[in-house]
1. Name the single residue that is surrounded by the fewest Cβ atoms within 10 Å (Cβ to Cβ) among those in segment 315-333 being of a type in the set (A, V, I, L, M) and either under 18 Å from Ser351 (Cα atoms) or in contact with a Phe, Trp or Tyr (Cβ under 6 Å, 6 or more places away or on another chain) (or both).
2. Taking the criterion of being more than 24 Å from Ile336 (Cβ to Cβ), at pLDDT 95 or above, charged (D, E, K, R) and out of contact with any strand residue (DSSP E or B) (no Cβ under 7 Å at 6 or more places or on another chain), would at least one residue in segment 229-249 satisfy it?
3. Every residue in segment 134-181 that is under 26 Å from Phe84 (Cα atoms), within 20 Å of the chain's Cα centre (by Cα) and of a type in the set (D, E, K, R), please.
4. For segment 180-197, state whether one or more residues are within 13 Å of the ligand (Cβ to nearest atom) and either free of Cβ contacts under 8 Å to residues at least 40 places away in the same chain or surrounded by 21 or more Cβ atoms within 10 Å (Cβ to Cβ) (or both).
5. Anything in segment 263-288 that is under 21 Å from the mean Cα position of the chain (by Cα) and farther than 30 Å from Gly306 by Cβ? List them, or say none.
6. Determine which member of the set Asn167, Asn171 is within 16 Å of the ligand (Cβ to nearest atom), surrounded by 17 or more Cβ atoms within 10 Å (Cβ to Cβ) and in contact (Cβ under 8 Å) with a residue 60 or more places away in the chain.
7. Return yes when Ala155 is more than 16 Å from the ligand (Cβ to nearest atom), surrounded by fewer than 24 Cβ atoms within 10 Å (Cβ to Cβ) and among the small types (Gly, Ala, Ser) and no when it is not.
Amino acid sequence: MPIRHHIAERMKLLDASGIRKVFDLAAKLPDPINLSIGQPHFDVPAPAKAEAIAAIKRGFNKYTQTQGHPDLRAAVAAAAAEEFGWDDQKPYLITSGVSGALLLAFMTLINPGDEVILLDPYFVMYKHLVHLAGGKAVMVDTYPDFTPDPDKIAAAVTDRTTLLVVNSPGNPTGRVYSSDELRAVAEVADRAGLLVVSDEIYNLFCYDTPFASMASVYENTLLMRGFSKSYAMTGWRMGWCTGPVKIIEKMTMLQQYSFVCAPSMAQAAGAAALACDMSQQVADYRRKRDMVQEALAEPFGLRKPGGAFYAFVPAPKGMTGSEFVERAIENNVLIIPGNVFSERDTHFRISYATSDEKLAEGLKILARLGR
Ligand SMILES: Cc1ncc(COP(=O)(O)O)c(C=O)c1O
């Protein structure tokens, strides 16, 4: 009898070919200047490390409540109360990273055939998770300056639209939305009755204007925050989510049957992390952003990104993003083609989360290739 296992049809909806090609090319480089990495280059702050170690040593190694340990939820609620002026009636779910929150949310909220509006360029996971849930990702183009255009969003809404995803500061663009821009998007969402999923994982990394949250301007928001970027805890898998009670309840139920809970020692460290002052790290990244702008504005026509730790740079005239990335890799600089994050192949993404030396070296090469 042939063995009856097969790969499920839904897996055909996932595609990692763009990024795999980059990694295949990069594997041939002995010591590349790596400007492709989507995580901070600094380490977890010492008090958070100490808490995680202490938690493991005192035996805090079991499952926690699915919704997260009460102490961490209280710390998150206190931080949110201070930021938003909310009372403590809001439901909080501690998740395995923002990735975990996204998966739970999309599985909870998307029926097969439902449409989800993404602003292009988008964080690559959104598209694939929407597809996995049986939904259709509807792209709204935001080129060339990555401003969300309320009219274009309104024009993309159909009877099947259920969600709109926003991400500010954004990956891959580093674009930060102002309160006014968020309000204009919220008006469209309100008129159409849409829930907005607001991925605010880079909220700490805003360099020119104060951070503005969709949750401050629109009630019907599913707000997601993370620890991965703010506190460099990418491997610890921690995030949180709040929003309408009924949705959080269903997401919690699904977490019970999937992730179970976020890692216990990371939850123990979470409150300590929230109390850490990260302003030095943020100032450091602001300076690196300035280095990028200084080096790439003129050769590439880069518009200044205001946050996260990315720049999304137009490829030189006559070249696709992928072609330029191949050239950069031939010159020992690892970057990511824009078509990994977009329906277009006109840009490339650099991450400046690296040492000043490596960044300066990489920028010099890129600037030369752009001239
Ligand atoms: C915009 C955005 N959202 C979510 C994530 C996932 O982060 P995590 O699951 O580590 O919290 C990332 C990571 O690169 C990201 O860039």
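The values are calculated or read from the model by the stated rules, or taken from the named source; none is laboratory data. Because the structure is predicted, anything quoted here is derived from the model rather than measured. Here the Cβ positions follow ideal geometry from the backbone for every residue, glycine too, while neighbour counts run over all protein chains shown.
1. Here is the first cut: in segment 315-333, the residues of a type in the set (A, V, I, L, M) are 315, 319, 325, 328-329, 333.
Going one step further and asking which of them are either under 18 Å from Ser351 (Cα atoms) or in contact with a Phe, Trp or Tyr (Cβ under 6 Å, 6 or more places away or on another chain) (or both), we end up with 315, 325, 328-329, 333.
Numbers: Ala315: 22, Val325: 30, Ala328: 27, Ile329: 20, Val333: 25.
Ranking the qualifying residues of segment 315-333, first place goes to Ile329.
2. yes
3. Arg175, Glu181 - these are the residues of segment 134-181 that are under 26 Å from Phe84 (Cα atoms), within 20 Å of the chain's Cα centre (by Cα) and of a type in the set (D, E, K, R).
4. Looking only at segment 180-197, we keep the residues that are within 13 Å of the ligand (Cβ to nearest atom), and these are 197.
Filter again for either free of Cβ contacts under 8 Å to residues at least 40 places away in the same chain or surrounded by 21 or more Cβ atoms within 10 Å (Cβ to Cβ) (or both), leaving 197.
Yes, there is a match, as at least one residue in segment 180-197 is within 13 Å of the ligand (Cβ to nearest atom) and either free of Cβ contacts under 8 Å to residues at least 40 places away in the same chain or surrounded by 21 or more Cβ atoms within 10 Å (Cβ to Cβ) (or both).
5. Pro263, Gln267
6. On the way: Asn167 fails: in contact (Cβ under 8 Å) with a residue 60 or more places away in the chain.
So the residue among Asn167, Asn171 that is within 16 Å of the ligand (Cβ to nearest atom), surrounded by 17 or more Cβ atoms within 10 Å (Cβ to Cβ) and in contact (Cβ under 8 Å) with a residue 60 or more places away in the chain is Asn171.
7. Values: more than 16 Å from the ligand (Cβ to nearest atom): yes; surrounded by fewer than 24 Cβ atoms within 10 Å (Cβ to Cβ): yes; among the small types (Gly, Ala, Ser): yes.
When the stated conditions are applied, Ala155 passes them.
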